[in-house]
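Chemist: Structure in structure tokens, see below.
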Amino acid sequence: MEAQVPEEELLKAVDEDPHDVDAKLRLATYLRKDNNPAKALPVLKGALEIDPNNPEIHLQLGLCWAMSMLENVPTIELWGKDIDEEDIFENALESLETASELDPELTAAYNAMGRLYVIRFREEEAIEMFRQSLQVDPAQLDILEELQELTGRPVWNLLDKETYMGEEEDI
């Protein structure tokens, strides 16, 4: 496992090369995971100016916006002010949709959208996002469990035939 890089080192890397998108992404991801999405957003927006078609940037933007909803943290704690949940949802969804359009195999974007839809009681859309994610990677046990819990039905009844995992192999 990689040792965690202190924020100062990440800031230094960005300062040394302001056009290094990877350095900006590392810094923004660190800030987001350190519960500082308000500090991560400007870093991500700067990265987006350099590389607007980078799906990882859009994913991280979406995760920053969605953080208070997905982790059930009051917006005042994360942003220093109250932000309307509808605005958070729309901003997160827009970024996550863009990420999934730019990289249709980015399961993290589908999973985050699915979880946002669950929170908003939009079960059909949540199920569709989880299905899309599982079509890319059917081995995501946590998503399989979430989908089964959401529907109350065995997962193999919900997935497309290409994703079906219940058939036995001929011996």
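The values are calculated or read from the model by the stated rules, or taken from the named source; none is laboratory data. No experiment lies behind these values; they were computed from the predicted model shown. Backbone-built Cβ (ideal geometry, glycine too); neighbour counts: all protein chains shown. To get the accessible areas, we keep the full protein, side chains included, count just its heavy atoms, and leave off ligands, DNA and RNA. Shrake-Rupley method; radii C 1.70, N 1.55, O 1.52, S 1.80 Å.
Chemist: Tell me what the chain gives for mean residue ellipticity at 222 nm when only DSSP H runs of n ≥ 4 count, each as -39,500 (n - 2.57), the sum divided by the residue total, rounded to 500 deg cm²/dmol.
Modeler: Working: 9 runs with 114 residues, N = 171.
Roughly -21000 deg cm²/dmol at 222 nm, from the helical runs in the chain.
Chemist: Which order do the peptides 36-45, 9-18, 61-70 come out in when sorted by mean C-beta neighbours inside 10 angstrom, highest first?
Modeler: 61-70, 36-45, 9-18
Chemist: If you don't mind, there's one more thing I want to ask. Roughly how many Å² is the accessible area per residue of the chain, as a whole number, for a 1.4 Å probe?
Modeler: Accessible surface, normalised per residue, equals 60 Å².
Chemist: Still on this structure, please answer the following. Which of (1) 16.2, 59; (2) 17.9, 61; (3) 21.1, 63 is the computed Rg and Dmax of the Cα atoms in Å for the structure on display?
Modeler: (2)
Chemist: How would you rank 97-103, 22-28, highest first, on the average number of other Cβ atoms within 10 Å across their residues?
Modeler: 22-28, 97-103
Chemist: Also, quick follow-up: At a 1.4 Å probe radius, carbon and sulfur cover how many percent of the accessible area of the range 1-90?
Modeler: On the way: 2450 of 5200 Å².
Solvent-exposed carbon and sulfur of the range 1-90 make up 47 percent of the total.
Chemist: Report the net charge of residues surrounding residue 35, where surrounding means a beta-carbon distance below 12 angstrom and charges are Lys +1, Arg +1, Asp -1, Glu -1.
Modeler: Net charge in that neighbourhood comes out at 0.
Chemist: Let me confirm the definition first: pairs of Lys residues in the chain, 8 or more apart or on different chains, C-alpha distance under 15 Å. How many are there? Intermediate results must be reported in sequence, preceding the final value.
Modeler: Details: 12/24; 24/33; 24/39; 24/45; 39/81.
Number of lysine pairs found: 5.
Chemist: To continue, here is another question. State, to one decimal in nm, how far the label point of residue 87 lies from the label point of residue 125, with both points 7 Å from Cα in the Cβ direction.
Modeler: Result for the modelled spin labels: 1.9 nm.
Chemist: Next question, about the same structure. Note down the nm distance, to one decimal, between modelled labels 7 Å out along Cα→Cβ at residue 139 and at residue 34.
Modeler: In this crude label model, residue 139 to residue 34 measures out at 3.3 nm.
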